[in-house]
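Below you'll find the structure, written out as structure tokens, and then a few comments.
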Amino acid sequence: MIDFRYHVVSIVAVFLALTVGLVIGSSYLSKVAYDELNNQLSSLRGQNQALHGTQSELDNQVRDRDSLIAALGPDAVAGKLAGHSVAVVMLPGADGSSGDALAALLGKAGAQVTGEVTLKSALLDPGQATKLAATGAKLPAAERGGEQLPSPSPSATAGTPAPVVAMADIAGAVVHRIPANSSGIGEQKITDQASQDVLTAYSNAGFVDVKAAGVASADLVVVLAPPAPSSGSAGNDAADALYLGFLKDLTGGGRSLGAVLAGPASSAASPGLLAAALKDSWVSKNVSTADTADQPSGRIITVFALAEAAGGKTGHYGLTGTADGPLPDLH
């Protein structure tokens, strides 16, 4: 007969065997799992290094391509804007270096660049509205237009918000080619001095920065848009409405021969300003657009679009796939 001690020893032996088996088994499996994870890590590290190498190669190719395009740019645009004067306006947040590079290329295209005007964010600051209105109110009627314009400037309308008044004043100072009067006698312009007085007033008040080139009168204008708001953030409808109104002031009533709204690729997609311009029925028909303007290729596109605008045509160009095509046909 099997006694109780035998049962106890048997049970202890079984549990001891299970424990030993678990220890040995887990050690083996841990090594297998470790080896597998180590192999996967080595594989991912190799893939990551390969991708970094590919990215570096592509970055070098893009840099070399941009260098080539930049070198060929002056020859590509030579003479396209001969006989024209062009103003460059940068909206708040636009890249100043892109404006400088574009102004240089416009000169290579034969244009006389009248200056670069940078609009400051203070124009949109509600806390600056009183100061902005006071600045506009000090301008003489003749400098705002008065009898020199064939019809009153939009800025003269009573009750108009101060930013709208200011932007209309700046538009009239930047490009002030006025069509022939009702008698058909020539082309009228407000004086360069009056234009400079307007820009100086808003500059001294801290609302604009001006790089003047000695002559104020321009018959064409390029407006540089800022990048689109970051992903997930809402667009600024009030700012967009003000900027679109500014474009209308620049081109409406024949004040200029034409205008191009140019900006980085991000601005061509909502909530970017170029995308907003394309959605506005009046602006899209009367103001050309050019995306990727922060790149050498985009600056060339901008010059071609401006040359087309000088001929009375409007189009939307660039490399984002949201445009009519990369370039207008100027032949």
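The values are calculated or read from the model by the stated rules, or taken from the named source; none is laboratory data. Computed from a predicted structure; not experimentally measured. Neighbour counts run over all protein chains shown; Cβ positions are idealised from the backbone, glycine included.
Among the residues here, SER98 does not qualify as outside any strand (DSSP E or B), more than 21 Å from SER267 (Cβ to Cβ) and of a type in the set (S, T, N, Q).
With respect to the conditions (1) touching a strand residue (DSSP E or B) at 6+ places or on another chain (Cβ under 6 Å); (2) over 30 Å from ALA129 (Cα atoms); (3) buried (at least 24 other Cβ atoms within 10 Å of the Cβ), THR314 falls short on a single one, namely (3).
The requirement of being under 30 Å from ALA268 (Cβ atoms) and either part of a helix (DSSP H, G or I) or modelled with pLDDT under 85 (or both) is not satisfied by ALA194. Note on the range 267-293: residues that are assigned to a loop (DSSP other than H, G, I, E, B) and surrounded by fewer than 24 Cβ atoms within 10 Å (Cβ to Cβ) total 4.
Within the range 57-75, residues that are at pLDDT below 75 have Cβ atoms under 6 Å from residues that are surrounded by 10 or more Cβ atoms within 10 Å (Cβ to Cβ) in these pairs: ASP66/PRO296; ILE69/PRO296; ILE69/SER297; ALA70/PRO296; GLY73/LEU105; GLY73/PRO296; GLY73/ILE300, counting only partners at least 6 apart in sequence or on another chain. Considering (1) touching a helix residue (DSSP H, G or I) at 6+ places or on another chain (Cβ under 7 Å); (2) not in a helix (DSSP H, G or I), say which one GLY93 fails and leave the rest. Status for GLY93: all satisfied but (1).
Scanning the range 301-311 for residues that are crowded, with 24+ Cβ neighbours inside 10 Å and either under 18 Å from GLY272 (Cβ atoms) or not small (Gly, Ala, Ser) (or both) yields ILE301, THR302, VAL303, PHE304, ALA305, LEU306.
No other residue among ASN204, ASN181 is modelled with pLDDT of 85 or more, among the polar types (S, T, N, Q) and surrounded by fewer than 17 Cβ atoms within 10 Å (Cβ to Cβ) apart from ASN204. Which residue is surrounded by the fewest Cβ atoms within 10 Å (Cβ to Cβ), if the candidates are limited to the range 230-266 and must be in contact with a Ser or Thr (Cβ under 6 Å, 6 or more places away or on another chain) and not in a helix (DSSP H, G or I)? Looking at residues that are in contact with a Ser or Thr (Cβ under 6 Å, 6 or more places away or on another chain) and not in a helix (DSSP H, G or I), I get VAL260.
Quick test for you: out of SER266, SER281, pick the one residue that is within 30 Å of SER67 (Cα to Cα), assigned by TED's automatic domain parsing to the domain that holds ASP219 and modelled with pLDDT of 90 or more.
Matching residue, one of SER266, SER281: SER266.
Of all the criteria given as (1) surrounded by 22 or more Cβ atoms within 10 Å (Cβ to Cβ); (2) not in a helix (DSSP H, G or I), the one not satisfied by THR322 is (1). Residues in the range 90-121 that are of a type outside the set (S, T, N, Q), within 18 Å of the chain's Cα centre (by Cα) and farther than 24 Å from ILE69 by Cβ: LEU91, PRO92, GLY93, VAL117, LEU119, LYS120.
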